[in-house]
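Contents: one structure, followed by commentary.
The values are calculated or read from the model by the stated rules, or taken from the named source; none is laboratory data. On a predicted model such as this, the values are computed, not experimentally measured, just so you know. No Cβ is skipped: glycine too gets one built from the backbone with ideal geometry, and neighbour counts run over all protein chains shown.
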Amino acid sequence: MTSFIQNQQGDTANFFVKGDFVQSNTNGLRQALLDSIKNGITKIKIDLNEANCIDSPSIGLLVSVHNTLKPLAGELVVNRAKQPIAELFSVLQLDKRFTVNAS
Amino acid sequence: MEENNDEVTQSLVATFIVDDRHYGLTTARVREVVRIGEITPVHHSPEFILGIMNLRGRIVTVVDLGRKLGRNNQALTGHSRIFIAEWQQEHVGLLVDRVGEVVPFDETELRPVPENMPTAQAGMLHGVFHSGKLLIGLLNLDLILDDAPGKEDRQKAGGE
Amino acid sequence: MTLGNDELLKEFLAETNEQLAGIESDLLTIEEGGENINEELVNKVFRAAHSIKGGSSLFGLKKIQELAHKTESVLDLIRSRVIRPNPEVVNILLISFDKLKELLNNVMSSNEMDISENLVALTGLATSFLPQNEKGFFHKQGVVKLPPGASVNVSEMDLELARKNGHYVYFVEYDLIKDIDMLDKNILDVVRLLIAFGKVLDAQVNTDAIGTLEEEPSGIIPLHVLFSTEVGPDEIEMVLELPKERIKLLASPPKDMPAAPPPIQIAGLSPLPAPAAEKPIEARAAASQTPGDSENDKAKTPTSSEPAKKSFSDQPGQPSTAGSVADATLRVSVEVLETLMNLAGELVLSRNQLREALSTNDMRGVNAGSQRVSLVTSELQEAIMQTRMQPIGNVFNKFPRVVRDMSRTQGKEIQLIIEGKEVEMDKTLIEGLNDPLTHMIRNSCDHGIEMPEERIRKGKPPTGKIALRAYHEAGQVIVEITDDGKGINPAKISASAVAKGLIPQEKLLGMSDAEKTALIFLPGLSTAEKVSDISGRGVGMDVVKSNLDRLGGKIEIESKIDEGTRFCIKLPLTLAIIPSLVVAVGNERFAVPQINVLELTRIPAAQIQNKIEIVGDAEVLTLRGKLIPLVSLGTVLGINKEITDENTGQTLTDRRQSLADRRSRRSPLEATFAGQAGSEPMAAKREAITDRRYHAINDLNIVIISTGTFQYGIVVDQFFNTEEIVVKPLGRHLKGLPEYAGATIMGDGKVALIIDVSGMATKAGMRHVSGSSRASALAAETARESRHDTMSFLLFQNQPGELCGIPMEMVLRVERIERSQIENSAGRRTMQYRGASLPLITLSDAAEVKPIGDEQKLAVIVSSIGGREVGLLVAMPVDVIETRLQIDQKTHRQKGISGSAIVKDKTMLLVDIVEIVETVFPEWQIAAGPEKTAGNAARPLILLAEDSDFFRGQVKRFIESEGFAVAEAPDGQAAWELLCQLGEKVKVVVTDIEMPRMTGLGLARAIRAEDRFAGLPIIGLTSLAGEEDIEQGKAAGITDYQIKLDRDRLLESLRRILPRAAERQIEF
């Protein structure tokens, strides 16, 4: 059972996380993200519709993605974040670094 | 932040096989897929309910999709699986014969149910669409799971 | 603008609506107060602005947020007495709130609306009152003196406000990995904790310290937080669970500032809605958990106990539905908190005990320790559950206003009566009831209660009544909403249902009015035409029902046109853990809630015949004089049982239909009248020992159940232990099944269904008990009445085919005899019996019946009449039955026969042995003539109260046969009157319990209330003497309890009591 589903349209890669956005549930996500960018993707969308929970390494991961894309003039978008997670991004002011769309 | 219109019509569909036909459910509705474990029978429950199971502490009703789609004898094989779907704020298990691929799906591609499809199945679908060479029936969870009293009567009354 | 979840938004709007409703009048009141600031009121308004600010930020309602924020700031300044609420100030606030209302009413376009005027006015207010040097702070965002590398920003204004409020401001450095992830904590919880204890002024993740994807995942994720809180420097480490070096104190409140009392906030639990305004602090004060403030005592209304405890006056009320991360407070009573602390202490002790015992291999100690741990854990569970229990008054309290408002707007007069405010329920249930109740109350006001003129026309009082009642019953909480309005018209409802295509016309034909009325719960039937303005969503009774379904509750409706409507909601008492007995049928397990289990019993195979009867078509168990109907769980559920044949080792499906397997004691009449005259039904048919079925009969394991209104037994294959199980609800498709109350997950991970004992009874076809409390009361009454007439009878024959019987209580012994034993002398029959001569009588001596035939086998029933033993000659077969009988005292009445009854389709003649004795031996003088009723020491007078003629006659007979005099009364009231008449002449009162007009208990109480009857012995007669009955009786003043028609005991009791009574008389 994959923990995330990935597909690609043009220069955008969609990542759909199945379940909570926690390190134990996102094996291989980091590598997949890196591979996408290496293959020329500049826009990454991460869908958190099914995440009720997020942990610190995953926050670090998002920031890493942002840090990687920024010099490439790329963009990270987090979609459908549920309330507690959306508010967390807001409190931590991460929504000022990359786009966070609440659910 | 640019507008993302393509998100609205594009989605993913998890497909599976019941009674040798292909069906699918939007992944948004699918929580997970599990193997058959212990299913406790519930005596006096409706025919199409196999029983209940323990999914990490939650009691999940398991529905025999085959029966709902017109088949009378259910045969469990090593490939049988249960799709855990979200419906009306609860988790319901759907027993399928075999799991298929996750395919992309564009709403605009949805076609109405073909004339020659038997009502038992046609009545349970939103419509059909092609994925590669396969014809997939998109399941309408509400039609399958809604068992409000008087529903059949309503259907009869509505159908006249 | 992402508004996100529609539901949440609508709830938010509803909440804000409510909060803004009274703001105007509050502000005006504040204005009137002038210098004497009404702190509570200002807080209330502040809270409203505060929560609007918080909620709107989540939905991205920027203008609303900003306006609310500025409004809040001004209110804060008023609260801290920096600004005086003069008319100019209040005016600006009023206008601001008006604007807020406008923005909220046009939520979707609020972000484009112009609020600059209000902002200017508010800012002007705030700054004009500040000392000159602070004015600049209001706007200045500056970097405060922070440690190098820190990047947080905060406005000076926020800092000042924090200090003025008695807050400390800290700069906190977290490392998300080291401090959170590696310690198995979660970032969400940490943030929640911060918000719970104070305010996050700013937070910055140091993204530069985190690398790119290509680099190794950063082992460090630094987070800087600027945090304002009341927690002082000595506790801050503990609260944040961080080492001292990570926390820097930046600002402290001025020394002379009284610190605001700290609220207790337990992260993870949701808030309690504010209690009713009339009763400020209802004994729910905070324990002083934050030591730093002990010298400051802002205790408001002191509670009953500790004056050292603080009050909650400043606790901001959080809307529970804003969906924010800070969704986390609960008020806990001091006692419960202390209990929790004590239990925690006990747990630690027990754990230490265990540890020690384990280390020294002390098995006894280990056992004792683990038992103790078990006990304490259960108590802990219960205590924690208690914190979740809240009074339903929290929901009820908002309705008086709702009703008042609605009745005003509609021009109706409606009175709301509330009962049962203190009934407690789990928090989630209370919250879940909010919407359904609101909807139903509004419905009652809208569509139920008529206009006053119409009511008068109908002959009703012009003021309509709506009654909202909550009470406990049989493990459930019942909430009733009753109105005396125009009721629901079943014809209209059913017509509407057909018109909307919800049911076909034909179905209506078979439906009763009650069923038609219940159609109101059909989805799609009662959707309102306009969206309700309270909850902002289209509502229908189907939504109410589904809301209740989700809580595990049921709803019923009763209605009569022009008389009114009643909704009855039933909810489970708690959601979670109940002790249950685990049983098994075959290899399937089930749980039976302990609260319903009276006892467990096992009938060994050999005794099944004796103890199990077939009465009617039911199988019943005789248990200590009670008849308990039995149900086989396997049969009801249709589980095929498998039995291993001991001989062959084969597993067979048990096809036994009847528990007693046709070989228990049926009515012997069947055997008798099936042409087997002379056979002996008392001896079981002896099947071959090798009979498979005989071997396969196991002991019967029976669980005796009480549903709250009646009792029955469930036969299962096995009992297991009683366990505490977590009740989990069944899904939609299964929750309607009446037999099951839910499911649970056993220790091994397997699922077991929980039996609903009432539902199971109905399913098994038992006497109907579910439904309204009236039906239950009726059922209980019927149960009582039939208990009333349950008796044991000895059956025998006169002529072949002539079935006779006498009450068992009259029977001393039964002996089979040979004709040769009968001696005839001087026209009297006797026989030698136990060394004396026993006079013999027979039915034909008194009654017009044929004498016993010569060929019949004989038996003698020995009885004691008038102190003498006498033998009643009867014909075999003789048998015993225990059953309820309707006694017909007319049809067959004659001398020697007191009445008749139908037993298994045959007429049984009730033989009156005393009458026969009177006829044959008149000289014995058994009956007391009326003149003897005057009573004297030799013939004490006994007052007998009993409503059943038959029983009264019987008991009177016994008593008289012993030489006492009897005054009789057919009910409690008559007995009382008679007693008052006869006065001290009455030595003992013998009374039945269930009687019309005044029960036995009522009679006993009346007697005990009068001095002149002090010491008068009261004997209560009953068919059953359960523990509760005895307790009740004793409480009412009954001296002794007797089983009806247990003649010997009654007489013994009387003899015991009477000499003392006689003494009393002599003392006079």
Being in contact (Cβ under 8 Å) with a residue 24 or more places away in the chain and more than 14 Å from every other protein chain (Cβ to nearest Cβ): is that true of B:Leu65 here? no
Taking the range A:90-103 and keeping residues more than 14 Å from chain B (Cβ to nearest Cβ) and under 21 Å from A:Gly74 (Cβ atoms) leaves A:Gln93, A:Leu94
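Residue by residue through the range B:50-79, note down the ones that are of a type in the set (Val, Ile, Thr) and buried (at least 20 other Cβ atoms within 10 Å of the Cβ).
Narrowing the range B:50-79 to residues of a type in the set (Val, Ile, Thr): B:52, B:59-63, B:77.
Scanning the range B:50-79 gives B:Ile52, B:Ile59, B:Val60, B:Thr61, B:Val62, B:Val63.
Collect the residues in the range C:225-249 that are hydrophobic (A, V, I, L, M, F, W, C), touching a helix residue (DSSP H, G or I) at 6+ places or on another chain (Cβ under 8 Å) and more than 21 Å from A:Lys96 (Cα to Cα), keeping them in residue-number order.
The first filter runs over the range C:225-249 and keeps only residues hydrophobic (A, V, I, L, M, F, W, C), leaving C:225-227, C:231, C:236, C:238-240, C:242, C:247, C:249.
Next, only the ones that are touching a helix residue (DSSP H, G or I) at 6+ places or on another chain (Cβ under 8 Å) stay: C:225, C:227, C:231, C:239-240, C:242, C:247, C:249.
Once the filter is applied, which keeps residues that are hydrophobic (A, V, I, L, M, F, W, C), touching a helix residue (DSSP H, G or I) at 6+ places or on another chain (Cβ under 8 Å) and more than 21 Å from A:Lys96 (Cα to Cα), the range C:225-249 yields C:Val231, C:Val239, C:Leu240, C:Leu242, C:Ile247, C:Leu249.
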Wholly inside the range C:721-836, strands (runs of 3 or more DSSP E) that include 2 or more residues that are surrounded by fewer than 19 Cβ atoms within 10 Å (Cβ to Cβ), assigned by TED's automatic domain parsing to the domain that holds C:Ile887 and modelled with pLDDT of 85 or more are C:823-825, C:828-833
Checked against (1) away from chain C (no Cβ under 14 Å); (2) in contact with a Leu (Cβ under 6 Å, 6 or more places away or on another chain); (3) buried (at least 20 other Cβ atoms within 10 Å of the Cβ), B:Thr27 satisfies every condition except (3)
Listed by first then second residue, the pairs whose first member lies in the range B:25-54 and is in contact (Cβ under 8 Å) with a residue 24 or more places away in the chain, whose partner is acidic (Asp, Glu), with beta carbons under 8 Å and at least 6 positions apart or on separate chains, are B:Arg29/B:Glu86; B:Val30/B:Glu86; B:Arg31/A:Glu50; B:Arg31/B:Glu86; B:Pro46/B:Asp147; B:Leu50/B:Asp64; B:Met53/B:Glu38
How many residues of the range C:176-224 are more than 9 Å from chain A (Cβ to nearest Cβ), assigned to a strand (DSSP E or B) and within 21 Å of A:Lys96 (Cα to Cα)? The answer is 4
Q) Residue check: is C:Ile1007 buried (at least 18 other Cβ atoms within 10 Å of the Cβ), at pLDDT below 90 and over 24 Å from C:Gly899 (Cβ atoms)? A) yes
Reported set for the range C:1-57 where residues are small (Gly, Ala, Ser), in a helix (DSSP H, G or I) and more than 14 Å from every other protein chain (Cβ to nearest Cβ) is C:Ala14, C:Ala21, C:Ser25, C:Gly33, C:Ala48, C:Ala49, C:Ser51
If you go through C:Lys398, C:Lys412, the only one that is surrounded by 15 or more Cβ atoms within 10 Å (Cβ to Cβ) and either modelled with pLDDT under 85 or touching a His at 6+ places or on another chain (Cβ under 8 Å) (or both) is C:Lys398
Restricted to the range B:113-125 and to residues being of a type outside the set (Val, Ile, Thr) and closer than 15 Å to B:Lys68 by Cβ, the residue modelled with the highest pLDDT is B:Leu125
Does the range C:147-158 include one or more residues that are within 11 Å of chain A (Cβ to nearest Cβ) and modelled with pLDDT of 80 or more? no
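Can you report the number of residues in the range A:35-48 which are away from chain C (no Cβ under 12 Å) and touching a Phe, Trp or Tyr at 6+ places or on another chain (Cβ under 8 Å)?
Selection size over the range A:35-48: 4.
Yes or no, residue by residue, for (1) modelled with pLDDT under 85; (2) in a loop (DSSP other than H, G, I, E, B); (3) of a type in the set (A, V, I, L, M, F, W, C):
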| residue | (1), (2), (3) |
| --- | --- |
| B:Tyr23 | no, no, no |
| B:His43 | no, yes, no |
| B:Ala75 | yes, yes, yes |
| B:Gly78 | no, yes, no |
| B:Ile82 | no, no, yes |
| B:Ala85 | no, no, yes |
Check on C:Arg469, assigned to a strand (DSSP E or B) and either more than 14 Å from chain B (Cβ to nearest Cβ) or surrounded by fewer than 16 Cβ atoms within 10 Å (Cβ to Cβ) (or both):
yes
Out of (1) in a strand (DSSP E or B); (2) surrounded by 15 or more Cβ atoms within 10 Å (Cβ to Cβ), the one B:Val113 does not meet is (1)
Exercise for review: For C:Val531, indicate whether it is at pLDDT below 75, part of a loop (DSSP other than H, G, I, E, B) and touching a Gly at 6+ places or on another chain (Cβ under 7 Å).
Suggested key: yes
Output for Cβ contacts, cut-off 7 Å, separation at least six or different chains, first residue assigned by TED's automatic domain parsing to the domain that holds C:Ala969 in the range C:982-1003, second of a type in the set (S, T, N, Q) and assigned to a strand (DSSP E or B), reads C:Ile993/C:Thr1022; C:Gly1000/C:Thr991; C:Leu1003/C:Thr991
Filter the range A:65-89 for residues that are without any contact (Cβ under 8 Å) to a residue 12 or more places away in the chain and within 22 Å of A:Leu34 (Cα to Cα); the one that is nearest to the other protein chains (Cβ to nearest Cβ) is A:Asn67
| Any chance the range A:19-29 includes a residue that's free of Cβ contacts under 8 Å to residues at least 40 places away in the same chain, aliphatic (A, V, I, L, M) and facing another protein chain (nearest Cβ under 9 Å)? | yes
